[in-house]
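> Before we start, here is the structure in question, set down as structure tokens.
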Amino acid sequence: MSFVKCARCIGYKLLILALLSIVANILLYFPNGETRFASEHHLGKYVECLHGILGGGFLVLIPAAVFIGLHNDNCCGCFGHEDRGKSCVMLSSVLAAFVGILGSGYCIIISALGLSHGPYCFTHLERNWIYPFTEYLFEYKKWADCLEPQNIVQWNVTLFSILLVLGGIEFILCFIQIINAILGGLCGLCCSHEEVSH
């Protein structure tokens, strides 16, 4: 598989992952499909960070579009050297991959913080909206302490976990593309030097 085909394959995978991240983040805003918690500002602080929409979503769509747009024949030269088009195209995709790494990294960090901090919910013990699981989220017996939104612990744990995994895969794919682009750029330079010498 050529370096450009590999980049395009990564681009299509990133496109799907970015769209899934956006959907997962939107679902976090509507526990159990209800809108009233968002309108009443009863969502956790990490839900409102838009990590799946901005980080794992739009910032990953940028490299996805760049990688999908790469073609073997769009090598028109680089800095006045027509023989170095392929290497410059591949090396310019490194910049797009770094944008993807920033976005997916943001998604990973906020998802991990959201999981560790736990959901914001109305509890029967405090009779108030609090973060009851800042230290003991995985004590399953205490999950029933959250009265509203119903099943919010399962909702948050599931969606933050999905976003964490999606962000991790996006990060790995962008890192692979950096290696692919560097190798493709170096091979493009080597091939162009061989062609010039012949």
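All of the numbers you see were taken from the coordinates with simple rules; none came from a lab. Since the structure is predicted, the reported quantities are computational estimates derived from the model, not experimental observations. Cβ atoms come from the backbone with ideal geometry, glycine included; neighbour counts cover every protein chain shown.
> So for each of 172-181, 125-134 I average, over its residues, the number of other beta carbons within 10 Å; can you give me the resulting order with the highest mean first? Display every interim value, and only then the final one.
On the way: 172-181: 20.2, 125-134: 13.9.
With the highest mean Cβ count within 10 Å placed first, the list reads 172-181, 125-134.
> What nm distance separates the two modelled labels at LEU19 and GLU139, each placed 7 Å from Cα along Cα→Cβ?
About 4.3 nm, to one decimal.
> Which order, highest average first, do 96-104, 142-150 follow once you tally other Cβ atoms within 10 Å for each residue and take the mean per peptide? Before the final figure, lay out the partial values.
Details: 96-104: 23.1, 142-150: 16.6.
Ranking the peptides 96-104, 142-150 by packing returns 96-104, 142-150.
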